[in-house]
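A.B. asks: Got a structure here, written out as structure tokens. Questions coming.
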Amino acid sequence: MKILIVCSKHFYHRIPEIQQPLETAGHELSMPNSYDEPLKEEDMKVRGLEAHVEWKAEMLRRDEENIQPQDALLVLNFEKKGQPNYIGGATFLEIYTAWKMDKKVFLYNPIPQNIFEDELTGMSPTILNQDLSQIK
């Protein structure tokens, strides 16, 4: 299965522990935007509002082309700053885009209790509860 991993940039350091068993199982993985430069957004903010807005818009525009060739989206939703199973705005938009494209959506942990809870529930993602063997 071709899978795009998405998550907060604060979780990028956790990707290798997920990547290894999935690749061993034969899945083909793609990494999130700016995976190779996790602090790029902070750099763009330092450059000024216009540079940050332009960069962020480009990242959002890439979502559709990144998701289209995939069979599924794997959302790594860990605890962030005391928020269990964190999913931020950009990741939510990636989930929505995948759902609109009728792609499978897997959440590593349960749906967070946040502003997106009802919408995420309505998209009926597969909750893995950290069990990657469920990805089929």
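The values are calculated or read from the model by the stated rules, or taken from the named source; none is laboratory data. None of these values were measured; they are calculated from a predicted model. Cβ coordinates were reconstructed from backbone atoms using ideal geometry, including for glycine residues, and neighbour counts include every protein chain displayed.
A.B. asks: Could you tell me which residue of segment 125-136 is surrounded by the most Cβ atoms within 10 Å (Cβ to Cβ), considering only residues that are touching a helix residue (DSSP H, G or I) at 6+ places or on another chain (Cβ under 9 Å) and in a helix (DSSP H, G or I)?
C.D. replies: Filtering segment 125-136 for residues that are touching a helix residue (DSSP H, G or I) at 6+ places or on another chain (Cβ under 9 Å) and in a helix (DSSP H, G or I), the one surrounded by the most Cβ atoms within 10 Å (Cβ to Cβ) comes out as Leu132.
A.B. asks: Here is a further query. Just one of the numbered conditions (1) surrounded by 13 or more Cβ atoms within 10 Å (Cβ to Cβ); (2) under 20 Å from Thr126 (Cβ atoms) is not true of His10; which one?
C.D. replies: Result: His10 fails condition (2) only.
A.B. asks: Then there's this: Would it be correct to say that Asp36 is modelled with pLDDT under 95 and in a helix (DSSP H, G or I)?
C.D. replies: Criteria not met by Asp36.
A.B. asks: Right, another one. Residues being at positive phi and in contact (Cβ under 8 Å) with a residue 40 or more places away in the chain: count how many of those fall in segment 44-102.
C.D. replies: 0
A.B. asks: How many residues are of a type in the set (Val, Ile, Thr) and under 14 Å from the mean Cα position of the chain (by Cα) if we restrict to segment 44-91?
C.D. replies: Of the residues in segment 44-91, 4 are of a type in the set (Val, Ile, Thr) and under 14 Å from the mean Cα position of the chain (by Cα).
A.B. asks: Now, a different point. Can you name every residue in segment 72-88 that is outside any loop (DSSP other than H, G, I, E, B) and either in contact with a strand residue (DSSP E or B) (Cβ under 9 Å, 6 or more places away or on another chain) or at pLDDT below 95 (or both)?
C.D. replies: Listed by number, the residues that qualify are Ala72, Leu73, Leu74, Val75, Leu76.
A.B. asks: Could you grab me the full set of residues in segment 1-33 that are within 17 Å of Leu107 (Cα to Cα) and part of a loop (DSSP other than H, G, I, E, B)? Let's see the steps before the verdict.
C.D. replies: Step one: of segment 1-33, the residues within 17 Å of Leu107 (Cα to Cα) are 1-12, 14-19, 21-22, 27, 29-32.
Within segment 1-33, Met1, Ser8, His27, Met31, Pro32 meet the criteria.
A.B. asks: I'd like the residue in segment 67-88 that is among the polar types (S, T, N, Q) and under 20 Å from His10 (Cα atoms) and, out of all such residues, is surrounded by the most Cβ atoms within 10 Å (Cβ to Cβ).
C.D. replies: Asn77
A.B. asks: Residue pairs, Cβ under 6 Å, 6 or more apart or interchain, first in segment 107-124 and in a loop (DSSP other than H, G, I, E, B), second at pLDDT 95 or above and among the aliphatic types (A, V, I, L, M). List them.
C.D. replies: Taking only residues 6 or more apart or on different chains, the pairs are Tyr108/Leu76; Tyr108/Leu128; Pro110/Ile127; Ile111/Leu120; Pro112/Ile87.
A.B. asks: How many residues are free of Cβ contacts under 8 Å to residues at least 24 places away in the same chain, surrounded by 12 or more Cβ atoms within 10 Å (Cβ to Cβ) and either closer than 17 Å to Val75 by Cβ or small (Gly, Ala, Ser) (or both) if we restrict to segment 13-43?
C.D. replies: Going through segment 13-43 one residue at a time, the tally reaches 2.
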